[in-house]
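Engineer: Sharing a structure here in structure tokens format.
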Amino acid sequence: MAETDTLWTDLASRVIRVALERKGVSYAELADRLATIGVKETERSLISRVSRGTVKLTLLLQIIDVTHALPPQLWVDAIRIRGSWEERARAVVASELARKPWVTPSKLSALLADIGADINAKTLPSQLAAGGVSLSLFLQCVVVLGSSSFDQYIDFPDLASAVRPT
């Protein structure tokens, strides 16, 4: 894994840990709460994925839901839609992109490349539309879009510190 990727996966891990800590929820309790919404995870699998930073945006949305946390204002309507967690994640991504409608997939890809993300314009739209977008990629998108949606989970300067201009 490239150094840039490691920085972003570390930040994704930190976002999840902060979301849990803010509500005083352990991994064991999270696994139990996720089960109530039909998501089967074990404490061990959660610990492992979070420590590696290999989490998806859907997990963050599920944590917001099961801990009754206040979501970022921009995401409120997206999180409340009926449907799968992947559909909700797509709606969250869409709400972030809608803030800057002039940022095309090609432009977004170029902006991501400017900060060292390795993703091309052809695969980016499908990754974002799939709903299973990684939290680290979503964090990168939020940074280049200049969104403040993660302010309650991580300071923007910490996100910006992971930026490696190319």
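Engineer: Mind listing whichever residues of the range 98-134 are buried (at least 18 other Cβ atoms within 10 Å of the Cβ), out of contact with any strand residue (DSSP E or B) (no Cβ under 9 Å at 6 or more places or on another chain) and in contact (Cβ under 8 Å) with a residue 60 or more places away in the chain?
Structural biologist: G116, A117
Engineer: I've got another one for you. Cβ-Cβ distance below 6 Å, separation of 6 or more or different chains: which pairs start in the range 19-42 with a residue that is within 21 Å of I79 (Cα to Cα) and end on one that is among the acidic types (D, E)?
Structural biologist: Sorted first by the residue in the range 19-42, then by its partner, the pairs are A31/E41; A31/E43; L34/E41.
Engineer: Which residue pairs have Cβ atoms closer than 6 Å, lie 6 or more positions apart in sequence or on different chains, and pair a first residue in the range 45-74 that is under 11 Å from V15 (Cα atoms) with a second residue that is crowded, with 19+ Cβ neighbours inside 10 Å and not hydrophobic (A, V, I, L, M, F, W, C)?
Structural biologist: V50/S13; G53/T9; G53/S13
Engineer: So which residues in the range 38-57 are among the hydrophobic types (A, V, I, L, M, F, W, C) and assigned to a helix (DSSP H, G or I)?
Structural biologist: Applying the first criterion (among the hydrophobic types (A, V, I, L, M, F, W, C)) to the range 38-57 yields 39, 46-47, 50, 55, 57.
Passing the criteria: L46, I47, V50, L57.
Engineer: Over 28 Å from D114 (Cα atoms) and under 19 Å from the mean Cα position of the chain (by Cα) - does that describe any residue in the range 48-57?
Structural biologist: Among the residues of the range 48-57, at least one is over 28 Å from D114 (Cα atoms) and under 19 Å from the mean Cα position of the chain (by Cα), which makes the answer yes.
Engineer: Can you find even one residue in the range 53-69 that is farther than 24 Å from A162 by Cβ, of a type in the set (S, T, Y) and at pLDDT 95 or above?
Structural biologist: Yes, the range 53-69 contains a residue that is farther than 24 Å from A162 by Cβ, of a type in the set (S, T, Y) and at pLDDT 95 or above.
Engineer: On to the next question. What do you reckon, is R82 at pLDDT below 95, out of contact with any strand residue (DSSP E or B) (no Cβ under 7 Å at 6 or more places or on another chain), under 24 Å from C141 (Cβ atoms) and among the basic types (K, R)?
Structural biologist: It is false that R82 is at pLDDT below 95, out of contact with any strand residue (DSSP E or B) (no Cβ under 7 Å at 6 or more places or on another chain), under 24 Å from C141 (Cβ atoms) and among the basic types (K, R).
Engineer: While we're looking at this one, here's another question. In the range 58-83, what residues are assigned to a loop (DSSP other than H, G, I, E, B) and surrounded by 12 or more Cβ atoms within 10 Å (Cβ to Cβ)? Break it down into steps so the answer makes sense when it comes.
Structural biologist: Here is the first cut: in the range 58-83, the residues assigned to a loop (DSSP other than H, G, I, E, B) are 67-72, 81-83.
Answer for the range 58-83, where residues must be assigned to a loop (DSSP other than H, G, I, E, B) and surrounded by 12 or more Cβ atoms within 10 Å (Cβ to Cβ): T67, A69, P71, P72, I81.
The values are calculated or read from the model by the stated rules, or taken from the named source; none is laboratory data. As the structure is a prediction and not an experimental result, all values here were calculated from the model. Note: ideal-geometry Cβ built from the backbone for every residue, glycine included; neighbour counts use all protein chains shown.
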